[in-house]
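K.L.:
Below: one structure in structure tokens.
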Amino acid sequence: MRQKSILGAAIAISLLPVTASATNGYFTHGIGARSLAVAGVGVALPQDGLAAAINPAGIARLGNRLDLGVSLFRPSRGAQISGNLAGADGRFDGDDTENFVIPELGYVRQLSEALTVGVAVYGNGGMNTDYGTNPFAPFGSTGSAGVNLEQLFITPSLAYQLNENNSLGVAVTYAHQRFEMKGVGAFDNPFFSAAPGYVSNMGEDSGNGWGLKLGWLGQITSTLSLGASWSSDFDMAEFSAYRGLFAEQGGFDIPSTYSLGLSWQAAPALTLAADWQKILYSEVASVGNPLQNLLTGNPLGSDNGGGFGWNDIAVVKLGAVYAYSDSITLRAGVSRADQPIPRSETFFNILAPGTVRDHLSLGASWKSSERGEWSVSYTHALRESVRGQGSIPMAFGGGEANVHLKEDVFTVAYSFSL
């Protein structure tokens with residue numbers, strides 16, 4: 001396939017909206033159909049051209065290939081308010097928008113025995129809620145309520161084979177994100193915001209930024225591989241249209257992550273693998289700061305302004321790959337994450353209920369020709385609720401907010417051996 005065709009496909013995908021699944025917090029639980037099928041495992045188990053998004057060293061094992069895929073993501077999210085003196089009690093459905101399409105592309109080219117290059121185009125983060133009945137209406141908000149966060153990542157990568165058993169990888173990632181908030185006019189006043197008029201219903205705003213990824217992949221024995229990867233935080237351009245909402249005058253950077261992984265060939269046809277990942281949400285003030293800050297002299301939009309109060313989380317992922325035959329490969333996985341949302345922070349997180357912790361995944365690949373292969377995966381994120389405890393400030397009538405989320409993701413991809 002000619003280089004310009006690949007570039008054209010990458011550009012086409014980059015023009016599409018990418019609202020990724022709000023699974024491990026608001027980071028997707030896996031990238032690429034084959035990784036998704038094993039619950040996101042991939043640090044020491046590169047399987048397709050999207051591998052650089054997880055560990056750039058992994059592309060050294062892939063040869064020349066192109067992978068194209070698309071996911072259908074369907075979340076179910078909502079909230080309940082009780083004991084509120086302002087009359088906000090009720091159940092609220094955040095599913096007025098139900099289905100999301102997430103495209104992806106991965107390309108790898110081996111330049112020499114030692115050098116491999118690649119590019120991956122994917123969504124790694126996102127969040128959407130759409131409440132036709134506004135939970136914040138009793139506090140003075142109007143219209144429907146919700147948020148939409150879309151993040152697109154383009155990751156060119158380089159892997160160097162140090163010796164027969166070890167490779168190092170580096171990638172520079174370009175990130176583009178778009179955001180819109182609606183229906184929270186109750187916070188749009190001088191008491192709650194440092195920049196009134198820039199909190200809600202300002203339409204879509206966008207920003208760009210860059211980050212760095214580093215990785216190592218080693219063949220420790222004939223059956224055991226280990227890997228490690230790190231992704232820097234991304235210094236993103238501020239959402240100026242929402243400088244009265246997000247801390248640091250509209251700041252919404254992307255937090256850093258680091259991961260460890262292993263894969264073990266337990267039998268000729270069976271590979272078992274595991275990843276451990278840490279996501280540092282507290283690095284980003286607008287995500288990590290507690291909402292209570294806005295009542296202690298730090299209104300929304302200020303340097304230490306109130307936010308969503310998310311904690312850092314660790315994620316454990318386990319996967320199995322079984323070569324059923326020369327043409328059919330089966331996959332399955334399970335993962336569990338810490339809860340990012342404290343019980344005291346559920347009120348604001350009605351807008352961003354990234355509560356799910358447990359994922360069950362399965363999938364398969366079918367080699368349809370000498371150079372082509374189809375892959376499918378399905379992931380179900382079990383419903384998880386966080387029940388508020390001291391969650392609604394008395395300035396809003398007190399009481400509790402409970403939030404919940406569950407998800408389904410179906411992915412199909414086609415791989416070309418080049």
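K.L.:
Checking Gln249 against (1) without any contact (Cβ under 8 Å) to a residue 40 or more places away in the chain; (2) touching a Lys or Arg at 6+ places or on another chain (Cβ under 7 Å); (3) of a type outside the set (Asp, Glu): exactly one of these is not met. Which one?
P.N.:
(1)
K.L.:
Collect the residues in the range 126-164 that are more than 16 Å from Leu351 (Cβ to Cβ) and of a type in the set (Asp, Glu), keeping them in residue-number order.
P.N.:
Answer for the range 126-164, where residues must be more than 16 Å from Leu351 (Cβ to Cβ) and of a type in the set (Asp, Glu): just Glu164.
K.L.:
Failed condition for Ala266, given (1) surrounded by fewer than 16 Cβ atoms within 10 Å (Cβ to Cβ); (2) under 30 Å from Gly203 (Cα atoms); (3) hydrophobic (A, V, I, L, M, F, W, C), with all others met?
P.N.:
(2)
K.L.:
Another question, then. Wholly within the range 98-206, which strands (runs of 3 or more DSSP E) include no fewer than the required count, namely at least 1 residues that are surrounded by fewer than 19 Cβ atoms within 10 Å (Cβ to Cβ)?
P.N.:
Counting at least 1 such residues, we get 100-110, 115-122, 146-161, 166-182.
K.L.:
Consider only pairs whose beta carbons are under 7 Å apart and that are at least six residues apart or on different chains; among these, list those whose first residue lies in the range 50-63 and is charged (D, E, K, R) and whose second residue is at pLDDT 95 or above.
P.N.:
These pairs meet every condition: Arg61/Pro46.
K.L.:
Here's something else I'd like to know. Picking from Glu407, Glu400, which residue would you name as being more than 23 Å from the chain's Cα centre (by Cα) and touching a residue at least 12 places away in the same chain (Cβ under 8 Å)?
P.N.:
Result: Glu400 is the single residue among Glu407, Glu400 that is more than 23 Å from the chain's Cα centre (by Cα) and touching a residue at least 12 places away in the same chain (Cβ under 8 Å).
K.L.:
Which one of these is over 30 Å from Ser231 (Cβ atoms) and of a type outside the set (Ser, Thr, Tyr): Asn134, Asn166?
P.N.:
Result of the check over Asn134, Asn166: Asn134.
K.L.:
Something else now. Which of the residues belonging to the range 212-244 are touching a Ser or Thr at 6+ places or on another chain (Cβ under 7 Å) and closer than 30 Å to Asn201 by Cβ?
P.N.:
Asp233, Gly244
K.L.:
Out of Ser385, Ser369, report the one residue that is surrounded by fewer than 24 Cβ atoms within 10 Å (Cβ to Cβ) and part of a loop (DSSP other than H, G, I, E, B).
P.N.:
Matching residue, one of Ser385, Ser369: Ser369.
K.L.:
Enumerate the pairs (first residue in the range 323-339 and surrounded by fewer than 17 Cβ atoms within 10 Å (Cβ to Cβ); second residue anywhere and modelled with pLDDT of 95 or more and β-branched (Val, Ile, Thr)) with beta-carbon separation below 6 Å, excluding pairs fewer than 6 apart on the same chain, so at least 6 apart or on different chains.
P.N.:
Listed by first residue and then by second, the contacts come to Ala323/Thr329; Arg336/Val316; Asp338/Ile313.
K.L.:
Quick one: Ala352 ticks every box in (1) in contact (Cβ under 8 Å) with a residue 12 or more places away in the chain; (2) in a loop (DSSP other than H, G, I, E, B); (3) over 20 Å from Arg74 (Cβ atoms) except a single one, so which number is it?
P.N.:
Going through (1) in contact (Cβ under 8 Å) with a residue 12 or more places away in the chain; (2) in a loop (DSSP other than H, G, I, E, B); (3) over 20 Å from Arg74 (Cβ atoms) one by one, Ala352 breaks only (3).
K.L.:
In the range 388-411, which residues are more than 30 Å from Pro103 (Cα to Cα) and surrounded by fewer than 17 Cβ atoms within 10 Å (Cβ to Cβ)?
P.N.:
Gln389, Gly390, Pro393, Met394, Ala395, Gly398, listed by residue number.
K.L.:
If you don't mind, there's one more thing I want to ask. Can you tell me which residue among Leu318, Leu300, Leu270 is in contact (Cβ under 8 Å) with a residue 40 or more places away in the chain, of a type outside the set (D, E, K, R) and farther than 30 Å from Gly372 by Cβ?
P.N.:
Leu300 is the lone residue from the list that is in contact (Cβ under 8 Å) with a residue 40 or more places away in the chain, of a type outside the set (D, E, K, R) and farther than 30 Å from Gly372 by Cβ.
The values are calculated or read from the model by the stated rules, or taken from the named source; none is laboratory data. For clarity, every value in this text was computed on a predicted model and none was experimentally measured. Methodologically, a virtual Cβ is constructed for each residue, glycine included, from the backbone with ideal geometry; neighbour enumeration extends over all protein chains shown.
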